[in-house]
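Written out below as structure tokens is the structure these notes cover.
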Amino acid sequence: MPSRKFVDGEVVMGRWPGSVLYYEVQVTSYDDVAHLYTVKYKDGTELALKESDIRSQSSFKHRKSQSSSSSPSRRSSSRSRSRSPGRPAKGRRRSASQSREQKDDKKKTIQETSLALLVLVLRKPSENNTKRYNGESESTEKNATSCIILEQKLKPDLEIKHVLEQYSLRSRKDEKKKEEIYSEKKTFVAVKPIEKVPTKTKELEFGGRIGTFMMIFLLPVTVFYLLLMCKQDDPSLLNFPPLPALESLWDGRVFGVFLLWFLLQAVFHLLPIGKVVEGLPLSSGRKLHYRINGFYAFIFTAAAIGVLLYFQFELHYLYDHFMQFAASAVAFSLALSIYLYVRSLKAPEEELAPGGNSGYFIYDFFTGHELNPRIGSFDLKYFCELRPGLIGWVVINLAMLLAEMKIHNLSVPSLSMILVNSFQLLYVVDALWNEEAVLTTMDITHDGFGFMLAFGDLVWVPFIYTLQAFYLVGHPTTITWPVAAAITVLNCIGYYIFRSANSQKNNFRRNPADPKLANLKFIPTATGKGLLVTGWWGFVRHPNYLGDIIMALAWSLPCGFNHILPYFYVIYFICLLVHREARDEHHCKQKYGLAWERYCHRVPYRIFPYIY
């Protein structure tokens, strides 16, 4: 017996999930492990279907009914020779077959109406293929409350359906068969989120194996180069810093302090405070649970720092040993990455990352082989995403502020240092206060936990994002109050765009039927989700990235224009977000098909309006 019935490239008829309707699809691939076919609809939507949900086109040829019971005359002439006491009078008598036919017609009408509701929500491929988007919002956009209104209109019909099923004249055998069919449909709908079982990663990013191999070495070198440049009197790009001795970069006491910091944040994370929420469905349909207590961890950390300062602890110790702390973080992130890759070799197939399962050691080691590595309920990737590096960012900024006051004998920090600390503190507190939003980001849902995220969370964030504060300690910059006010307004504009855009998106994802969102319009997709085309998301495709870049510029401006070094962060951030936007574009085009093309036609600009 062959292992598969349909070959790649064959045009067949595939059943649309949750319905009895079949559409013309093309087989693109077959998963031997899960026994699922990946098929592509005409609108570009790709789904994974079982073999039982696929039929050949020849099986859909018209067949003429041979049933003799279809004659109206024969049905109307049927009589019963006896009448029971409970039956109606002769003039009002109906046969059992007539009563059954009328009730079946009524149930069929209700089923078709219910199916229409399902098709409206899912936007079947035939509609996407025939109703081409012409730039008018009326034909393709839906208000968030339209589905609720239709559901209320159908409520009486659903109640009638319940009564008809309760007093059905079908035989028990027919009812049992119907229940089995319905159970099969219900089972299919239940696994609807399982569109694809993780397979081998075919499209390699970041330059493939060669690119990821080089980045493993170039990223640490870049960190040390930038930090050495900041310590020079003339931090120009042409003035290459002298290389320090390797033994000067390592300090066992500093490494111990780093480990203590990591463990302290882990303890705060494990405290039974804060709510527990569910993440997005995994490929297996399972949802992981996450405890949201990052803001509490920040409060506890602030209290601990306050106690240290009260007992005269010299926090500028971080500034004096900044290079050693960076070396400790690099060593720890490398050791963590090795552990993550080794343990991922024993992980089940469904727990591997979609983008880190190429089969190439270097590539999978860099991008992350396992999607959500956990020790019990302790999620390593989620913990490192917001805790040690992000909170450490604020602590290092505070240490730089105190170092500036000590080195330059200041009674108060400089205005430039106050602006940098304030702007970045607002950003970190906002991220921790809205911690739940990180569960829908690409880092959590798509990228595995490997060297890329481990190094980024534990090294890049705390030692590169603090570059402006580190620069100001050795290169004080004086700015006037009007300039400070203008920079503050710029940062507030960026923050407003960033926060309002993210809140709009998260609220819509959480509850599209919220009356507060009734004014928002969206383009329905075949996945059941909607693409917002009003508000900030109708302005550009990634308004949160736009706000991020504006804030990054505001963080660099207090450092003046004597050197380009403080602007490395904003330059890097633009490159990072443009690259991430390209990755988002690729994934969304595969996921949403024609609906994404409609969205791009309606919202042509990606990040910068009228520019890009």
Sole miss for Asn434 among (1) surrounded by 15 or more Cβ atoms within 10 Å (Cβ to Cβ); (2) at pLDDT 95 or above is condition (2)
Options Ala335, Ala327: the member that is assigned by the TED database to the domain that holds Val428, open to solvent by 30 Å² or more (accessible area, probe 1.4 Å) and modelled with pLDDT of 95 or more: Ala335
So which helices (runs of 4 or more DSSP H) are wholly in the range 403-498 and hold at least 2 residues that are under 30 Å from His369 (Cβ atoms)? 415-433, 442-445, 451-455, 461-464
Residue within the range 243-266 that is in contact with a Lys or Arg (Cβ under 7 Å, 6 or more places away or on another chain), closer than 22 Å to Ala331 by Cα and either outside any helix (DSSP H, G or I) or not assigned by the TED database to the domain that holds Tyr572 (or both) present: yes
Looking at the range 535-576, which of its residues are touching a residue at least 40 places away in the same chain (Cβ under 8 Å) and within 30 Å of Asp43 (Cα to Cα)? Trp537, Gly538, Phe539, Val540, Arg541, His542, Pro543, Asn544, Tyr545
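Listed here are the residues, each with its yes/no results for (1) in contact with a helix residue (DSSP H, G or I) (Cβ under 6 Å, 6 or more places away or on another chain); (2) surrounded by 15 or more Cβ atoms within 10 Å (Cβ to Cβ); (3) at pLDDT 95 or above.
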{"position": "Phe455", "(1), (2), (3)": "yes, yes, yes"}
{"position": "Phe463", "(1), (2), (3)": "yes, yes, yes"}
{"position": "Pro476", "(1), (2), (3)": "no, yes, no"}
{"position": "Thr480", "(1), (2), (3)": "no, no, no"}
{"position": "Ile487", "(1), (2), (3)": "yes, yes, yes"}
{"position": "Pro524", "(1), (2), (3)": "no, yes, no"}
{"position": "Gly538", "(1), (2), (3)": "no, yes, no"}
Can you work out which of the residues in the range 489-516 that are β-branched (Val, Ile, Thr) and touching a helix residue (DSSP H, G or I) at 6+ places or on another chain (Cβ under 7 Å) is nearest to Leu280 (Cα to Cα)? Ile497
Could you tell me how many of the residues in the range 353-364 are touching a residue at least 60 places away in the same chain (Cβ under 8 Å) and either open to solvent by 20 Å² or more (accessible area, probe 1.4 Å) or in contact with a strand residue (DSSP E or B) (Cβ under 6 Å, 6 or more places away or on another chain) (or both)? 4
Taking the options Leu425, Leu439, name whichever one is among the hydrophobic types (A, V, I, L, M, F, W, C), open to solvent by 20 Å² or more (accessible area, probe 1.4 Å), out of contact with any Cys (no Cβ under 9 Å at 6 or more places or on another chain) and outside the structural domain of Asn544 (by the TED database). Leu425
Scan the range 551-567 residue by residue and report those that are surrounded by fewer than 20 Cβ atoms within 10 Å (Cβ to Cβ) and either part of a helix (DSSP H, G or I) or among the small types (Gly, Ala, Ser) (or both). Leu553, Gly560, Tyr567
Within the range 380-434, the residues that are touching a Pro at 6+ places or on another chain (Cβ under 8 Å) and acidic (Asp, Glu) are Glu404
Members of the range 294-314 found to be under 17 Å from Phe262 (Cα atoms) and open to solvent by less than 50 Å² (accessible area, probe 1.4 Å), listed by number: Gly294, Ala297, Phe298, Thr301, Ala304, Ile305
Residue that is least open to solvent (accessible area, probe 1.4 Å) [pool: residues in the range 588-612 that are free of Cβ contacts under 8 Å to residues at least 40 places away in the same chain and either assigned to a helix (DSSP H, G or I) or on the phi > 0 side of the Ramachandran plot (or both)]: Cys588
By residue number, the members of the range 393-404 that are within 22 Å of Asn293 (Cβ to Cβ) and either at pLDDT below 95 or open to solvent by less than 10 Å² (accessible area, probe 1.4 Å) (or both) are Trp393
Which of the residues belonging to the range 244-263 are open to solvent by 70 Å² or more (accessible area, probe 1.4 Å) and in contact (Cβ under 8 Å) with a residue 12 or more places away in the chain? Trp250
For Leu237, state whether it is touching a Phe, Trp or Tyr at 6+ places or on another chain (Cβ under 7 Å), in a loop (DSSP other than H, G, I, E, B), open to solvent by 30 Å² or more (accessible area, probe 1.4 Å) and aliphatic (A, V, I, L, M). no
What tally of residues in the range 499-515 results from selecting those that are surrounded by 15 or more Cβ atoms within 10 Å (Cβ to Cβ), outside any helix (DSSP H, G or I) and among the aliphatic types (A, V, I, L, M)? 0
Just give me the residues in the range 264-293 being of a type in the set (A, V, I, L, M) and open to solvent by 30 Å² or more (accessible area, probe 1.4 Å), in sequence order. Leu264, Val267, Leu270, Leu271, Ile273, Val276, Leu280, Leu282
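The values are calculated or read from the model by the stated rules, or taken from the named source; none is laboratory data. Just so it is clear, the model here is predicted, and its values are computed rather than measured. Glycine also receives a Cβ, built like all others from the backbone with ideal geometry; neighbour counts cover every protein chain displayed. The accessibility values were calculated without ligands, DNA or RNA, using every heavy atom of the protein model including side chains. Shrake-Rupley method; radii C 1.70, N 1.55, O 1.52, S 1.80 Å.
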